[in-house]
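Asker: Take this structure first; my questions come after.
Throughout, read-outs are computed from the coordinates displayed, never taken from laboratory work. Here the structure is a predicted model, which means the values were calculated and not measured. Reconstructed Cβ throughout: ideal geometry from the backbone, glycine too, with neighbour counts over all protein chains shown.
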Amino acid sequence: MLIDIQHLHTSSLEDDFQSALYQIFMLENPAKFSVDFSNYSSAAYSLVFLSPYQHFQWQGLAPTSIIKLEFHGDFYCIEYHKKEVACNGLLFNNIYLTPFVTISPILFTEIKTIFNKIEVEKDGTSPFSESVLKSYLQLVLALCSKEKSLQLVHTGVYQNELTVSLKFQELLESAFLFERSVQFYAHELALGVDSFSKKVKKELGKSPSQLIQDRVVLEAKKMLHLTYLSVKEIAAKLQFEDEFYFSRYFKKNVGVSPSGFRERVGISIVAK
């Protein structure tokens, strides 16, 4: 099944898991959880967005029930459709933003209705069922992208004020392939390591070292999913000494080898 809806209850929820699929959780009640070992607290009426092989764990008691939508990249390629829904890097695949969005009860109910329609349509035999399902999914992503974008503007995340975290993000995007020490980034921003680390942790919720690691892993995942480059070629492009060191680094942080990740997630149609 390339797209599926599941109604989960506390007794059937895993406390700690990873998946080769894209996942969306609908949480009607407040919840605490970690994604890639960073802790988050979501308010009522929130949706959580997970990319393949992100590490997810409930903190404390899991919600009494949730609705989970999951889909394979072969069914709906986020990268291929990103212009239509503007969600790549907003809902999925962003190491700087929270992996969830809190919405109004009215919008939550609307999206829940769309989930119900997906649940009915996914078992359909009509030749148009796949197109209908993709349209439903696209609508969910577009609605959530719109809401999250509005919230980011409202909270000032998209303002031009260059805080330490925003300066660090810009520098990290341009230098992560060659510079992976916290000292380098602190020096470039004219700050001591301790002061720099505290400011970044306070503003982004993650330490600089965690963000550097997350950025390297995200790039590795993208290359494995979006290109036909060999693991050896990807290791070289990411400036690892050799493919074996890269494979150990990737497995330590992702939980599966580069070849295993590619085998389960697949190579995107974008690569063709």
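Asker: Which of 270, 231 comes first, and how do the rest follow, when ranked by fewest Cβ neighbours within 10 Å?
Answerer: The fewest-first ordering by Cβ neighbours comes to 270, 231.
Asker: Give the order of 51, 268, 257 when sorted by the count of other beta carbons within 10 angstrom, beginning with the fewest.
Answerer: Sorted ascending by nearby Cβ count, the order is 257, 268, 51.
Asker: Can you tell me, using C-alpha contacts under 8 Å and at least 6 residues apart, the relative contact order of segment 3-155 as a whole percent?
Answerer: Normalised by residue count, the contact order of segment 3-155 is 26 percent.
Asker: Tell me, what HN-Hα J-couplings in whole Hz come from the Karplus equation 6.51 cos²θ - 1.76 cosθ + 1.60 at θ = phi - 60° for each residue of segment 37-49, using x for Gly and Pro?
Answerer: 6, 9, 8, 9, 10, 9, 7, 4, 6, 10, 10, 9, 10
Asker: Okay, next question. State the answer as a single residue: which of 91, 20, 212 lies farthest towards the positive end of the charge dipole of the chain, with beta carbon charges of +1 for Lys and Arg and -1 for Asp and Glu, about the Cα centre.
Answerer: 212
Asker: May I have the count of lysine pairs in segment 164-271 with C-alpha atoms under 21 Å apart, counting pairs 8 or more residues apart or located on different chains?
Answerer: 21
Asker: For residue 7 and residue 189, calculate 0.36 nm times their separation in residues minus their Cα-Cα distance, and state this gained length in nm to one decimal.
Answerer: Value of the extension gain: 60.8 nm.
Asker: Could you give me the ³J(HN,Hα) list for segment 172-178, computed from phi with Karplus coefficients 6.51, -1.76, 1.60 and θ = phi - 60°, whole Hz, x at Gly and Pro?
Answerer: So the Karplus estimates, Gly and Pro as x, are 5, 4, 8, 10, 5, 5, 10 Hz.
Asker: How high is the relative contact order of the chain, in percent, with contacts defined as C-alpha pairs under 8 Å that are six or more residues apart?
Answerer: The value is 18 percent.
Asker: If you don't mind, another one. Please report 36, 123 as a ranked list, fewest other C-beta atoms within 10 angstrom at the top and most at the bottom.
Answerer: Fewest to most other Cβ atoms nearby, the residues stand as 123, 36.
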